[in-house]
1. Could you give the length gained by full extension between LEU91 and THR48, i.e. 0.36 nm per residue of separation minus their alpha carbon distance, to one decimal place?
2. Would you please give the FRET efficiency between HIS71 and ALA133, computed as 1/(1 + (r/R0)^6) with r the Cβ-Cβ distance and R0 = 45 Å, to the nearest 0.05?
3. Would you mind checking the pairs LYS154/LYS230; LYS89/LYS138; LYS49/LYS88; LYS89/LYS200 and listing those with alpha carbons more than 20 angstrom apart?
4. If you rank GLU166, GLU96, GLU123 by fewest surrounding Cβ atoms within 10 Å, what's the result?
Amino acid sequence: MEKILMPYKIFIILFLTFHLSIRAQVETHTIDAPLQQQNVDTDEKTKTKLGIKFNLGWHTFLGTEFNNTKHTFGFGAGMYQIINLNKKKSLQFHWEFNANYKGSKFGKTNDTSFSKISLLYGEIPCFMSIRIANNAKKQPLFLIVGGQFGVLFKATISKGFGELAEVKYDNLPLRKIDFMPAIGLRKDIGSGMSLQTTTKLGLININSSRLTSGTPGTRYPDIVPRMSGKGTIFNFSFDIALLF
């Protein structure tokens, strides 16, 4: 009897094996197909990019408070996020969180001595990025337009001869808040990197009217430039940044 049932047992085992194999293949294709489809255009479906940035800036002050303002170079670093707003990636929202040094130098008539005001800001720029060039053989170019909100963390005056200057006063009584409209360009250069330039002009007079110098009894009697405390001081910056 056992010998008679043996062929049926083998048939049942083979049938179950074949059935399970077919079912496994169907389930595999059902699971894998969406993943394969997603991998075909992963780059097209990328909606956001996070990265870090380093920048070198050309800074000075505008306004009526100072005479003989000269530019100074500052540096900064931070992080950024770019969010695509359409499938073509021609319109993007771009924001950053940065720490930047800026300020200005001041020349003395017929003398090479100077004072330098240095400011450290924490800044949050927000831009709209609009693609203005997209040659298939070249990386895209974007126009960026927006503004940035800044908070002043540290302000110092360095006094010296030529470049040999030392900090003379810190915690200058300047207004802590600044807002700067900005316009610039961002050019992708490949390998996930971009070059970015921005020009920014402060709209807020950061002079708190407590900066005075030049006469005995004032806050900074030995400082050039002479400060009346009554004029205006506006930040002006031109930055070149590398985004990773």
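1. Here the segment from LEU91 to THR48 would lengthen by 14.3 nm.
2. Approximately 0.90, to the nearest 0.05.
3. The pairs that break the limit, which is 20 Å between Cα atoms, are LYS154/LYS230; LYS89/LYS200.
4. GLU166, GLU123, GLU96
Bear in mind these aren't lab numbers, they're just calculated from the coordinates by the rules spelled out. Quantities reported herein were computed from a predicted structural model and do not represent experimental measurements. Quick reminder, even Gly has a Cβ in these numbers, built from the backbone with ideal geometry, and neighbours come from all protein chains shown.
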